[in-house]
Amino acid sequence: MPAEKMRLFVASIGLLLTTGIASSQPQPAPDDAAIVAKGYQLFNDTSLSGGGNFSCASCHFSTGHTNNKTYVGLDVVADGDPNGRSTPTLWGAGERSVYGWGGTAPTLEESIRGIIVNRMKGAEPSKETLGALAAYVRSLRYPTNWQLKEDGTPFPVATSAVKHGFELFIGEAGCGTCHVLPNLDKPNRDDIGTGGRFKVPSLRAVASTAPYFHDGRTASLRDAVKFMWEVYAKKMDTGHVPTDAELDDLVAYVGAL
Ligand code: HEC
Ligand code: HEC
């Protein structure tokens, strides 16, 4: 399957999973349901943007997932453009430590306000608008996987690849020192040699969020994981370069998150 088609395919599977299987995770109380519904409406409302052509759903779909594109402002740029920012998924965003690749927005509301005013060139949003949009985003859960518990650790029935990948993740590969369970992120920013200090992003649903890193420089999850392993091995001077089999297992675990 060509890469673009594969991406769409993976995104639509993810879509089925969030609407279908994610129901084991907490749902909004009935009192909040009206605010979430209002937020969903605003999320699809192009009048939030200055030019009247863009809604949140233009880049995050109505489901809040990523459209897998890289932007400067409202313009799509080539993946890897140093000024570009890859669109993150909003699945699970309610639980993140900080927002934006730069990690500069401490709350969901501030992050959304900045996007409306700066990226979308829209009018200053009211408190009600921000509250409803944030409520909708908080209602979006990442898909669950039959192999992993909600805290990100494997169930006994998980494949041996996923179990071994998890051991590498929290052990020798060093991933767990930065991507901390259960959300797989961290509030601090880090310079891992990608051109500046960026937040440690959550790895939830990462199998369907390509391209990877702040500027979308890496197309495949395997290459992103390999790069990160090498960063840690160099930083800690472990001298442990991953074998193909180790990389397969680590990708199996990360891809199940
Ligand atoms: C033109 C495409 C585009 C539009 C329109 C857009 N976003 Fe985004 N969104 C992005 C990109 C790109 C980022 C990453 C920006 C950054 O880190 O500098 C982002 C980041 C976010 C984040 C931070 C997520 C995180 O984990 O760091 C939230 C929340 C968000 N968007 C919500 C919204 C909402 C709500 C709207 C509508 C009001 C919206 N976005 C409209 C592209 C878009
Ligand atoms: C020193 C802290 C640190 C360690 C250790 C670390 N990471 Fe990361 N990781 C980061 C930061 C910071 C970024 C974002 C960098 C950027 O966007 O330019 C990132 C980004 C990623 C991404 C891209 C996510 C996306 O949405 O684009 C993946 C995948 C990833 N890391 C997996 C791993 C794996 C697997 C390991 C272990 C082999 C690991 N990381 C170890 C800090 C770390």
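The values are calculated or read from the model by the stated rules, or taken from the named source; none is laboratory data. Nothing here was measured: the structure is a model prediction, and the numbers come from that model. Glycine also receives a Cβ, built like all others from the backbone with ideal geometry; neighbour counts cover every protein chain displayed. SASA here: full protein model, heavy atoms, side chains in, ligands and nucleic acids out. Shrake-Rupley method; radii C 1.70, N 1.55, O 1.52, S 1.80 Å.
In whole percent, how big is the carbon plus sulfur part of the accessible area of the chain, probe 1.4 Å, protein atoms only?
Carbon-and-sulfur percentage of accessible area, whole number: 58.
Considering amide H positions built from the backbone, and no H for Pro or chain starts, which residues 5 or more places from Leu148, or on another chain, come under 5 Å of its amide H?
Phe155
Which residue, Ser160, Ser86, Ser49, has the most motion in a Gaussian network model of the chain that connects Cα atoms within less than 10 Å?
Ser160
Where is the GNM fluctuation largest for the chain (alpha-carbon springs, 10 angstrom cutoff): Leu133, Leu168, Leu108?
Maximum fluctuation in the GNM of the chain, among the listed residues, is at Leu168.
Once every DSSP H run of n ≥ 4 in the chain is given -39500 (n - 2.57) and the sum is divided by its residues, what mean residue ellipticity at 222 nm do you get, rounded to the nearest 500 deg cm²/dmol?
Dividing the helical sum by the residues of the chain leaves -11500 deg cm²/dmol.
Take the alpha carbon gyration tensor of the range 160-256, find the square roots of its eigenvalues, order them as a ≥ b ≥ c, and report rounded if a/c is under 1.5; if not, report prolate when a/b exceeds b/c, else oblate.
Rounded.
Multiply the residue separation of Ala33 and Thr104 by 0.36 nm, subtract the distance between their alpha-carbon atoms, and state the gained length in nm to one decimal.
22.6 nm
With the other protein chains left in place, how much accessible area per residue, in square angstrom, belongs to the chain at a 1.4 angstrom probe? Kindly include the intermediate steps, with their values, before the conclusion.
Details: 12770 Å² over 257 residues.
Solvent-accessible surface per residue comes out at 50 Å².
For every other residue with a beta carbon closer than 14 angstrom to the beta carbon of Lys186, add +1 if it is Lys or Arg and -1 if Asp or Glu, then tell me the sum.
Within the 14 Å Cβ shell, the charges total +1.
How many nm is it between the label spots at Val241 and Trp146, if each spot is 7 Å from the Cα in line with the beta carbon?
Modelled inter-label distance: 3.8 nm.
From the phi of every residue in the range 133-139, what ³J(HN,Hα) in whole Hz does the Karplus formula 6.51 cos²θ - 1.76 cosθ + 1.60 yield, where θ is phi - 60° and glycine or proline is x?
So the J values, rounded to whole Hz, are 4, 5, 5, 5, 4, 5, 7.
Using the Karplus equation 6.51 cos²θ - 1.76 cosθ + 1.60 (θ = phi - 60°), what ³J(HN,Hα) coupling, rounded to whole Hz, does each residue of the range 198-211 give in order, writing x for Gly and Pro?
So the Karplus estimates, Gly and Pro as x, are 10, 5, 7, x, 5, 9, 5, 6, 5, 4, 10, 10, 3, x Hz.
What residues have an amide H closer than 5 Å to that of Val77, excluding those fewer than 5 places away on the same chain, when H is modeled at 1.01 Å from N in the peptide plane?
Here the answer is Thr70, Tyr71, Val72, since their amide H atoms fall under 5 Å of that of Val77.
Set the bar at 31 Å for Cα to Cα. Now go through Lys163/Lys235; Lys163/Lys186; Lys121/Lys234; Lys38/Lys163; Lys121/Lys235 and name every pair that lies beyond it.
Check vs 31 Å cut-off fails for Lys121/Lys234; Lys38/Lys163; Lys121/Lys235.
Given the Cα-Cα distance of Val231 and Asp248 and 0.36 nm per residue of separation, how much length would full extension add, in nm?
Full extension of this stretch gives 4.3 nm more.
Looking at the P(r) of the chain, how many percent of alpha-carbon pairs lie beyond 30 Å?
Value for the chain (Cα pairs over 30 Å): 26 percent.
On a straight-distance basis, which lysines could pair with Lys69 in a cross-link, Cα separation under 18 angstrom, same-chain partners fewer than 8 positions away excluded?
Candidates past the 8-residue exclusion: Lys5.
When the Debye formula is applied to the Cα atoms of the range 92-196, each taken as the same point scatterer, what base-10 log of I(q)/I(0) results at q = 0.11, 0.14, 0.18 Å⁻¹?
-0.49, -0.73, -0.98
List, in order, the whole-Hz ³J(HN,Hα) value for each residue of the range 242-257 obtained from phi through the Karplus relation with A = 6.51, B = -1.76, C = 1.60 and θ = phi - 60°; use x for Gly and Pro.
Per-residue couplings from phi come out as x, 7, 4, 5, 5, 5, 4, 5, 5, 5, 4, 5, 4, x, 8, 5 Hz.
With a 10 Å cut-off between alpha carbons and a GNM built on the chain, which of Asp223, Asp190, Asp75 moves the most?
Looking only at Asp223, Asp190, Asp75, the largest GNM fluctuation is found for Asp75.
Tell me which residues come under 5 Å, amide H to amide H, from Ala105 once H is placed; ignore anything under 5 positions away on its chain.
Tyr99
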